[in-house]
1. Within region 1-32, how many residues are within 20 Å of residue 47 (Cα to Cα) and among the aliphatic types (A, V, I, L, M)?
2. So, in region 1-31, of the ones that are open to solvent by 60 Å² or more (accessible area, probe 1.4 Å) and under 22 Å from residue 73 (Cβ atoms), which residue ends up modelled with the highest pLDDT?
3. Could you list, in sequence order, the residues of region 32-44 that are touching a Leu at 6+ places or on another chain (Cβ under 9 Å), outside any loop (DSSP other than H, G, I, E, B) and either acidic (Asp, Glu) or open to solvent by 30 Å² or more (accessible area, probe 1.4 Å) (or both)?
4. Here are some residues: 24, 30, 36. Which one is in contact with a helix residue (DSSP H, G or I) (Cβ under 8 Å, 6 or more places away or on another chain) and among the aliphatic types (A, V, I, L, M)?
5. Show the residue pairs meeting these rules: Cβ distance below 9 Å; 6+ apart or different chains; first residue within region 109-136 and farther than 14 Å from residue 96 by Cβ and of a type in the set (Gly, Ala, Ser); second residue at pLDDT 95 or above and open to solvent by 50 Å² or more (accessible area, probe 1.4 Å).
Amino acid sequence: MLESDVVGRAEQDPAVWVDAMWRACREALADAGGDAASRICGIGVSGQQHGLVALDASYEVIRPAKLWCDTESAEEAAELSKSLPVPIVASFTASKLLWLKRHEAAAWARLAHVALPHDYLNYVLTGELVMEGSDA
């Protein structure tokens, strides 16, 4: 379900992840049987880094997520690398944000929150948008 009609583009609708997450939860509970849901003490979410899930002020997804392997922002990454003390590669979220600003003005104007893919799933589960400190 990868959306990639342009060379270097690797995007996916976050709704695909959400649907898969809920389906996996239902299947796991069904397989466990009985009162499995009442015995759950916590869950863990893991996922890819450097993806860009762009959200508006209401936490609605603005556009398909740019995945870690998306390289459309190679020009922006090279530019950022010249002005920063560390190299920035096209897979980094920072270069994707600059790409969004330059290429999708309407989406940029709506942008209020940025999430990585696993942070977005955590938001769906909890209603709180947070990010691990090492990802920020």
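The values are calculated or read from the model by the stated rules, or taken from the named source; none is laboratory data. All figures in this text were calculated on a predicted structure; none of them were measured in a lab. Cβ placement follows ideal geometry from the backbone for every residue including glycine, while neighbour counts extend to all protein chains displayed. The area values use the complete protein model at the heavy-atom level, side chains included, leaving out ligands, DNA and RNA. Shrake-Rupley method; radii C 1.70, N 1.55, O 1.52, S 1.80 Å.
1. Total satisfying the criteria: 10.
2. Here the answer is 13.
3. Here is the first cut: in region 32-44, the residues touching a Leu at 6+ places or on another chain (Cβ under 9 Å) are 36-37, 40, 43.
Filter once more, so that each one left must be outside any loop (DSSP other than H, G, I, E, B): 36-37.
Listed by number, the list holds a single entry, 37.
4. Numbers: 24 fails: in contact with a helix residue (DSSP H, G or I) (Cβ under 8 Å, 6 or more places away or on another chain); 30 fails: in contact with a helix residue (DSSP H, G or I) (Cβ under 8 Å, 6 or more places away or on another chain).
Being in contact with a helix residue (DSSP H, G or I) (Cβ under 8 Å, 6 or more places away or on another chain) and among the aliphatic types (A, V, I, L, M) holds for just one of 24, 30, 36, which is 36.
5. Sorted first by the residue in region 109-136, then by its partner, the pairs are 112/57; 112/58; 112/59; 127/59.
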